[in-house]
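The values are calculated or read from the model by the stated rules, or taken from the named source; none is laboratory data. Remember, predicted model here, so these are calculated numbers, not experimental data. All Cβ positions, glycine included, derive from the backbone under ideal geometry; neighbour counts span all protein chains shown. These area figures cover heavy atoms from the full protein model, side chains too; ligands, DNA and RNA do not enter into them. Shrake-Rupley method; radii C 1.70, N 1.55, O 1.52, S 1.80 Å.
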Amino acid sequence: MTISLMPLPYAQDALEPHISSKTLEIHHGAHHKTYVDKLNAAIEGTENAGKSVEEITKSASGPLFNNAAQTYNHGFYWMSLSPEKTAPSESLAAAITNDFGSMDALLEALANEAVNHFASGWAWLVVDAGKLKVISTHDAATAITSDVNPLLTIDVWEHAYYIDQMNKRPAYVKAVLENLINWKFASDNFDRGTAWTYPA
């Protein structure tokens with residue numbers, strides 16, 4: 001089974017002016033596609049052929065892990081964004097209030113994690129042992145290899161924002177958190193209680 005480059009869940013220009021069409025053209029059409037292409041080349045004719053992205057990610061190491069995890073992480077990131085304003089479900093909203101005190105406090109925690117993460121990586125909102133928690137992972141590392149349920153992620157590799165914001169990561173993170181977070185996706189992950197699955 002060949003692993004596909006999942007399509008964006010919205011038009012390439014749908015996130016403008018916060019994330020440009022040019023950024024998505026390169027980020028999705030070049031960076032994400034390269035991870036998928038390298039993953040398919042690496043698993044062809046091996047015991048990993050026919051396995052899901054998640055199965056490969058959880059069992060692999062080295063370059064195979066990097067390409068599988070980045071395939072997954074990017075798909076999760078596209079789903080974490082929405083051109084339309086969304087809101088958490090009642091259950092997720094209650095958990096946010098219970099575990100962070102308020103939505104503003106959660107957004108501040110996500111912003112701090114994303115902005116202050118050193119070098120490349122990902123900021124995540126996850127459920128850990130029944131509690132909402134903000135974490136980050138380095139480089140290609142992904143939340144699905146830990147005993148947590150990821151709800152949303154923010155890509156803080158420079159290619160996610162350099163065309164639009166140059167080196168101003170805080171401006172990119174602010175734009176994402178204030179305008180683009182897909183709370184419906186996060187709520188679906190929270191209410192389902194299991195991690196999102198990369199489309200076959």
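So what's the chain giving for Cα Rg divided by 2.2 N^0.38 Å, two decimals? Could you put the intermediate results ahead of the total?
Numbers: Rg = 16.2 Å, N = 200, 2.2 N^0.38 = 16.5 Å.
Against the compact-globule rule of thumb, the ratio is 0.98.
Per residue, how many Å² of accessible area does region 136-200 show with a 1.4 Å probe?
Values: 2850 Å² over 65 residues.
Result: 44 Å² per residue.
Could you check how much of the accessible area of region 106-197 is carbon and sulfur, as a whole percent, using a 1.4 Å probe?
Details: 2080 of 3980 Å².
Accessible surface attributable to carbon and sulfur in region 106-197 totals 52 percent.
Express the accessible area of region 30-118 per residue in Å², computed with a 1.4 Å probe while the remaining protein chains stay in the model. List each step's numbers first, then the result.
On the way: 4280 Å² over 89 residues.
Here the residues of region 30-118 average 48 Å² of exposed surface.
Would you check the accessible area of D188, probe 1.4 Å, heavy atoms only, in square angstrom rounded to 10?
70 Å²
Excluding the sites themselves, what is the longest stretch of the chain that contains no GluC sites (Glu not before Pro) in a DSSP loop with at most 13 other C-beta atoms within 10 Å? Before the final figure, lay out each step's value.
Working: sites that count: E44, E47, E84.
Between the exposed loop sites, the longest stretch runs 85-200.
Quick one: net charge around K174, please, counting Lys, Arg +1 and Asp, Glu -1 for every other residue with C-beta under 15 Å from its C-beta.
Values: positive: K168, R169; negative: D104, E108, E113, D155, D164, E178.
Summing Lys/Arg as +1 and Asp/Glu as -1 gives -4.
What FRET efficiency would be calculated for the residue pair A49, T197, taking the C-beta separation as r and a Förster radius of 22 Å, to the nearest 0.05? Working shown, then result.
Values: r = 18 Å, r/R0 = 0.84.
After rounding to 0.05, the efficiency reads 0.75.
Could you tell me which of the pairs K85/K168; K38/K168; K33/K133; K131/K174; K22/K131; K33/K58 are separated by over 28 angstrom between their Cα atoms in the structure shown?
Working: K85/K168 24 Å; K38/K168 30 Å; K33/K133 30 Å; K131/K174 24 Å; K22/K131 37 Å; K33/K58 20 Å.
Beyond 28 Å between Cα atoms: K38/K168; K33/K133; K22/K131.
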